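All remarks here apply to the structure that follows.
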Amino acid sequence: MAHHAPAASDHFDETDPHGHSKHGQHESHVIVGPFILRTILVVLLLFTALTVGIAQLEIAIQNWFGIYLPWWVNVVGAMSIATIKSILVMAYFMQLKYDNPINTVAMLFCFFALGLFLLFTGLDLFTRDKIYDYKAGPVVAGGTGAGVVSAGGKPIVEASKDRFLVKLAEPDVREAMITVNALRHEVHELGKLGTDAARQAAAVISARADYLSDLKTIIVKQIEPGELARSAKHLRDRAAELRAGAASPAADLLEKAAQHVAGVNLAEAAASYSIDATFATLASFAHGDHGQHAHSGEAASTSDRSRPRAGLTDALEVFGPAAAKPQGGH
Amino acid sequence: MSGHSEHHGSYLERKGGMIATIWDWATTVDHKKIGVMYLFAILFMFFLGGMAAIAVRMELWEPVRQAADGSFTGQLFRPADAVSMSEGNNFYNRLFTLHGAIMVFMVIVPSIPASLGNFLLPLMLGAKDVAFPRLNLLSWYIYVFGSIFAVCSIILGGVDTGWTFYTPYSTTTDADHIKVVLMVLGAFILGFSSILTGLNFIVTVHKLRAPGMGWFDMPLFIWAIYSSAIIQVLATPVIGITLLLLVFERVFRIGIFDPALGGDPVLYQHFFWFYSHPVVYVMILPGMGVISDVLAVQSHKRIFGYRAIAFSSLGIAAVSFIVWGHHMFTSMSELASAVFSALTFLVAIPTAVKVFNWIATLYKGSITINTPMLYALIFLFLFSIGGLTGLPLGTLSTDLHLHDSYFVVAHFHYVMMGGTIIALMAGIHHWWPKMFGRMYNETGGMIGAIVVFIGFNITFLTQFLLGTQGMPRRYASYFDEYTSLHQLSTIGSWVLLAGFLIHLFVFLASFASGKKAPPNPWGGLTLEWVATSPPIEHNFEHEPLVKHGPYDFDTVVPPHWDPKDYPIPEAQAGGRPAVAHSPDRNA
Amino acid sequence: MSSIPSQNASKPLWARYTHASHFRTAAEEFDACKLGFWLFLTTEVLLFGGIFCAYFIFRTLYPGAWKEGSQLLDWRFGGLNTAVLLISSYTMAASIYCFQKGYTRRAQWNLIITLICGAAFLFIKLAYEYIPKWSVGKRPGALFDYPFAADPHLPLWWSVYYSGTAIHAAHVIIGMVLIARVLYRSYKGHYGPTHYTMVEITGLYWHLVDLIWIFLFPLLYLIH
Amino acid sequence: MTVHEHTTNPAALTLAEGFFHRMFFQRAPGTANAVATDDMYMWLWWFCLAWFVFLMGLLGFFVIRYRRRPGKIAQTSTSHNTPLEIAWTVIPTLFLVYIFFKGFWGYMDKVVSPGHAIEMNITGVKWNWSLQYPNGAESTYTTRLGAKEIPVFYMPAETPIRLRMISQDVMHALWVPDFRIKQDVLPNRYTTFWFQANAPSGDKVHPMNDLEAKGSKAPFIAELAGVPYEDHIIYCAEYCGDEHSEMAAVIRVVSDDAFARWLDVIANPTDKSPVELGEIVWKLKCASCHSIDGSRNTGPTWKNIFNTNRRFTDGSSAVADEEYIRNSILYPARQVVEGYPNNMPLIPLRERQLEGVIAFIKSLSDDPLVRASVLAPPAEQKKEEGQDAPQ
């Protein structure tokens, strides 16, 4: 269908002096037309949608109907679609269909070698328990942690949880979290006012709250010493601006937020926004207490498909919706 | 195609002054020059690795043990300030790693394909060059670049991981990363050189055979190079990713192979040996190809079972991908061990077929005993020992005893050195006149070969016994009961060194005052003997046309030979072409 | 190649191209280049084979970690990137078609779109996946510092994820460099209906990048 | 289990067999499975030798018979001979199939232990082996290898033993050449090694301990006095670093009931002072890296470190008090002393052993007050040389 080399030749007749004498050059060249290419693109995009759809559908029927399909449905489905897609790309985009068959042979050899690699590696690793079952499993799930400085001789996931709990207990982290909760409260109050200035002020406070509550601020880097002061100053400046524009209720609330950030009345704020519950929830997640029943013993089993993230999100919502934002990447 | 070449001088002809000549060689795309540059680089690396081997053997002269008073004696290469056993041992560990890494990655893997292969493949196919000459030059520079990485690591103090870089030792030893990372990256880069060379050869064989040369008209050397090129292309990328992951592991501690982070060290062994076992056949197959050609030419005899040898090369290449597990019988699951053991025995079959065919080739031949032929016979002797001692290693019950002992050390030296290096020596002597246009001193060469043979056997036969008696490999010190065998082995290594020094002298003498070589000193029928010695820049004056098989000695008079001096058997001569097609003679 | 007939000097470079002297015909050269490059592609597939093997082994050994890990990725970004790469693959193929037909300008635009898609892929990867994840401690191996993991083998998942996608991203960058080179040379007039080997080779490389992603996407984002 | 019933009477071997067996193995096999392995190996030896002699004989004959002579040319012969080629493909294949199965059966005997085997735990660590007996006791006996003390593991004869092995750091491999078997010891999962040692055949008899000669109360040694024994060396066969070649241990086979009596005693060791206990722990687990005489080794010396200031690779420093020593053992990677590599393994010690190590380090201090704090009690408590296993 795409073999129209002779037709193409009259196009470049005048530019190629060897056009007729050296037909051999064009025999191996194949022109795959735009129609085929576009069709293939559309098919590929459809298949992409299909494979996503199947995966989402599976989750949906689990969540809605409680039907759990065996694990291989998901794997076989996704991989067969990927295989079809890759065959299409190779056959048309890469023109393997029209090419010298030796290229196809080379590719087949390659996949064959890859298959042997997977097969025989798996043959060892998956049959370790054939004689003594204790030879199969890892001695310490997640690794021994030996020699890992940051882990101090613990599995790395455990060590990371420990570090988090230590960090939660630090006064400035605690202070930041209380502040954020207080700020959220101010945003809520501003929402009730309903004026433009209030909305503006709410946006400013929200942005600060988002910034301070960002999980990475708490988990990864320590809050810098000047950070809270800078935030307070920022809020005060905005409050002054608003006051200049004669929007005093919103400005008052901004001022109050600035006070929160500056650390005034924190104890009161902590008491009124049940911050300790937030800590308890976060700590329990880090400990894996919530994960326990979801993963009880056999996280692998197909019957257990509840999503641990849902519970975690709930916990973080107490803390503030922004906190849930960065993780999961959306 | 214009078909003309500007001048007809030999490829070795100097282009102007010193600087111009060096520039000409450094930027050449001529496969012959690249092949020769590889040859000298590899011989230099062989010298480095060999010196490390001599040092290793010297170190093992005495069964160093720390004495009760804390002092210790006899450790020859101990740093002057070393105060503890472990520092002394550490030096030995870096030494054997150096020896292994240089010999494997920089000598044996590229040895025959990159030097002789580069030089001969286009000549034997009747082509002007390999398919991608610039790529060929690139792989040479990648080789140099990778070697520099490795040498840098040595200069910085060397690594003590062993050439296998087993995790988690390689990812946790040696507090500063840079040395291990440099060595691993060096091996990674060298892999690309290997891949590109192999790829180049495959395409050349497919596309650039001279008119009239079918697949079964190719010399067996080409078949062997082709088979090993397939392995190079399919296996080397896996070591690429393995070493890359090892670098990640080392620098970021990503933990795929690190048990401290939940990874699996045996998985690393699978990754590693998926490449490193097939690569054993990258090392030995070209050697087998050299032997096939040398045996046939030097006994002036049609090779026995051409197709069997050709297909056994492909067969070995295919089976080589599914036997890697026999390096891990002591760490794999029992089922996998059994399967890999069974598959390992498969590889013995095509190898045995080759040996039988070679011996059958000698039958009723007219055997010239000269240096290449002597080396070919030495190859058969040593390689047979290497192959047969593979049986107790492939057998599960005996392997559990012999694994990681000196028996293994001896076995793979018989195969790698007794096979590949000996075949390389055979090939260098066989094609020396073609490469450099000069003959070497035959007596000197034969004496060298015999000394090497004797030295080799003294060095490594003793190690079989050490292994069965229970001497583990990679030991810096040992029990007194092994002393005499170790000392014998060390003495053998000196004899071996002496043999190679004789060869060095013979080669230098050949450059200085060798006789000018005729185009076809041994009476070969393959196309490289049609070209002049040394060949001209584009190999042939005219594109050769192939009218006979590579080993039709009983029907064809070799090119450049006087038919009077070379009567062909009456029975076969009737009605067949009596003179090889030799364009420059006919023209 | 060294001696170009003077009467051809007015013609574009591609029309003046003669094959290298060790080949018999240009067709043979083209064929050889393609075979050579396909062999190179096999090595690339096997290079990624190591990652696929690690994935295969650890997914079977620790399915809980893989399930949790895939849920921590957002299929929308993966899907978007898949679409971006597929479109770029199409424009790459279309560009070859345009060169074959002599529509140089259109071919160049196709190459530019391909480049933009490549850049978009990297941007999405970096801005929406790597940076947000890395900064909350979802990192490989010993760097892992995310306190809410349920499965103890989660760091392994991130190791496979980062090494696989990082090596793939490196290939995207190499592919973009190759495409930029082809684009530059096409402005110089190197490619036209009788000579476009390098465009085709570059295209093959770019399609391979796509091919790898076609497998990485479901493996990382969809299989749970 | 199908352990082959072999007679190991050397007199039953022919002269040649005896010669070659001795040439290859030197020492007699220590288990029935090892006897089977030797038989397999010797069978392969004769098999390979026959092939080799046949091939090389043929080669030599052809080279001499068909050497190049003036006026003589190569004779024509067939380029191939299909029946011959099939024959020399099929016949070796049949041999190989036989060899595989023979090796496979022997292998299964060597890796599958009988169900009633006694399980013991072996731990490999850079560069030491340690063993835990089924009753929880740890072997505390050592013997000298050069300057290094290597552990001695007492084992009952003619009883199947299954060793469950784990490594604390890198990979090691346990090789007992006399048993003709080795097995890798991995850091992340268990591997096994089983054997059933033959009864001690030599005339070596466990000596009286010199402590006993001094009249000291050492009942656990007395249990073994005069009992015949046989030693088998354990090697590490997987390269593991600087002292890879020093990582040895001894399996000392004694009779079944002597072992049982001895085991009862070591499970309830008589009271030792913390310093003595610490010294035992040092010998068994620490001595390969830490000296006690001030000399530098892989790790810092213990001589006189108590209460001194330690500088760490991260620039911080601390005083080496009890808490520091404790933390260094429990979390070896946290604080690494400047100038030393971060390669100390995690060595699991029980609370009493930890205290012992701390006390032992204190006893090595030059400060008389520090020493006095652990060596204060009366003279009979003072350090003794009694932990060495008799030579």
| note | Of (1) aliphatic (A, V, I, L, M); (2) touching a Phe, Trp or Tyr at 6+ places or on another chain (Cβ under 7 Å); (3) more than 10 Å from chain C (Cβ to nearest Cβ); (4) outside any helix (DSSP H, G or I), B:L246 satisfies every one except (4)
| request: Being of a type outside the set (S, T, Y), at pLDDT 85 or above, over 30 Å from D:H116 (Cβ atoms) and surrounded by 15 or more Cβ atoms within 10 Å (Cβ to Cβ) narrows it down to one of D:F61, D:F52, so name that one. | output: D:F52
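So that you can scan it fast, the table gives a plain yes or no per residue for (1) over 26 Å from B:T172 (Cα atoms); (2) part of a loop (DSSP other than H, G, I, E, B); (3) outside the structural domain of D:D169 (by TED's automatic domain parsing):
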residue: D:S291; (1), (2), (3): no, yes, yes
residue: D:R311; (1), (2), (3): no, no, yes
residue: D:Y324; (1), (2), (3): no, no, yes
residue: D:N342; (1), (2), (3): no, yes, yes
residue: D:F360; (1), (2), (3): yes, no, yes
| request: Looking only at region C:57-74, decide whether some residue is facing chain A (nearest Cβ under 7 Å) and in contact with an Asp or Glu (Cβ under 6 Å, 6 or more places away or on another chain). | output: yes
| request: State yes or no: is C:A107 crowded, with 20+ Cβ neighbours inside 10 Å, closer than 30 Å to C:A15 by Cα and more than 10 Å from chain A (Cβ to nearest Cβ)? | output: yes
| note | Of those in region B:471-516 that are over 27 Å from the mean Cα position of the chain (by Cα) and within 20 Å of B:Y414 (Cβ to Cβ), the residue surrounded by the fewest Cβ atoms within 10 Å (Cβ to Cβ) is B:L485
| task | Find the helices (runs of 4 or more DSSP H) located wholly in region B:104-184 whose residues include 3 or more that are farther than 24 Å from B:G255 by Cα, and list them. | result | B:118-125, B:133-155
| Tally, over region B:199-216, of residues that are more than 11 Å from chain C (Cβ to nearest Cβ) and of a type in the set (A, V, I, L, M, F, W, C) | 3
| said: Here is a check on your reading of the model: is D:F95 touching a residue at least 24 places away in the same chain (Cβ under 8 Å) and either surrounded by fewer than 16 Cβ atoms within 10 Å (Cβ to Cβ) or outside any loop (DSSP other than H, G, I, E, B) (or both)? | reply: yes
| Looking only at region C:193-216, and only at residues there that are hydroxyl-bearing (S, T, Y) and in a helix (DSSP H, G or I), the one that is surrounded by the most Cβ atoms within 10 Å (Cβ to Cβ) | C:T202
| What strands (runs of 3 or more DSSP E) completely inside region D:119-161 contain at least 2 residues that are under 17 Å from D:E246 (Cα atoms) and modelled with pLDDT under 80? | D:142-145, D:148-156
| request: Please indicate, with yes or no, whether at least one residue in region C:169-192 is at pLDDT below 90, in contact with a His (Cβ under 8 Å, 6 or more places away or on another chain) and buried (at least 22 other Cβ atoms within 10 Å of the Cβ). | output: no
| Pair list, Cβ < 6 Å and 6+ apart or interchain, from region D:103-114 residues that are without any contact (Cβ under 8 Å) to a residue 40 or more places away in the chain to residues that are crowded, with 18+ Cβ neighbours inside 10 Å and not hydroxyl-bearing (S, T, Y) | D:F104/B:A338; D:F104/B:L396; D:Y107/B:L396
| query | Among the helices (runs of 4 or more DSSP H) contained in region B:292-404, which hold 3 or more residues that are under 23 Å from the mean Cα position of the chain (by Cα), within 7 Å of chain D (Cβ to nearest Cβ) and of a type outside the set (G, A, S)? | reply | B:334-362, B:371-388
| Cβ pairs under 8 Å, 6+ apart, first in region D:193-206 and among the hydroxyl-bearing types (S, T, Y), second in a loop (DSSP other than H, G, I, E, B) | D:S201/D:A28
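For every residue, the table says whether it meets (1) modelled with pLDDT of 70 or more; (2) farther than 24 Å from C:L143 by Cβ; (3) assigned by TED's automatic domain parsing to the domain that holds A:A244.
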{"position": "A:S160", "(1), (2), (3)": "yes, no, yes"}
{"position": "A:R163", "(1), (2), (3)": "yes, no, yes"}
{"position": "A:E189", "(1), (2), (3)": "yes, yes, yes"}
{"position": "A:G194", "(1), (2), (3)": "no, yes, yes"}
| When residues of region C:182-219 are filtered for being in contact (Cβ under 8 Å) with a residue 60 or more places away in the chain and more than 13 Å from the chain's Cα centre (by Cα), how many remain? | 18
| note | Those residues of region D:1-26 which are closer than 16 Å to D:T37 by Cβ and modelled with pLDDT under 50 amount to D:M1, D:T2, D:V3, D:H4, D:E5, D:H6, D:T7, D:T8
| field | Test: residue in region D:114-122 that is within 11 Å of another protein chain (Cβ to nearest Cβ), within 26 Å of B:A336 (Cα to Cα), surrounded by 20 or more Cβ atoms within 10 Å (Cβ to Cβ) and in contact with a Leu (Cβ under 9 Å, 6 or more places away or on another chain) | value | no
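Looking only at region B:451-462, decide whether some residue is over 30 Å from D:Y41 (Cβ atoms) and part of a helix (DSSP H, G or I).
Yes: one or more hits.
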| remark: Going through region B:51-98 in order, the residues found to be modelled with pLDDT under 65, facing another protein chain (nearest Cβ under 9 Å) and closer than 25 Å to B:G492 by Cα are B:R65
| Test result for B:G240, in contact with a His (Cβ under 9 Å, 6 or more places away or on another chain), over 26 Å from B:I428 (Cβ atoms) and at the interface with chain C (Cβ under 10 Å from one of its Cβ atoms) | no
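Might you let me know whether region B:270-291 holds any residue that is among the polar types (S, T, N, Q), at negative phi and surrounded by 24 or more Cβ atoms within 10 Å (Cβ to Cβ)?
Looking through region B:270-291, none of the residues is among the polar types (S, T, N, Q), at negative phi and surrounded by 24 or more Cβ atoms within 10 Å (Cβ to Cβ).
The values are calculated or read from the model by the stated rules, or taken from the named source; none is laboratory data. From a predicted model like this one, the values you see are computed outputs, not experimental measurements. Because the Cβ atoms are built from the backbone with ideal geometry, glycine has one as well, and the counts that use them run over all protein chains shown.
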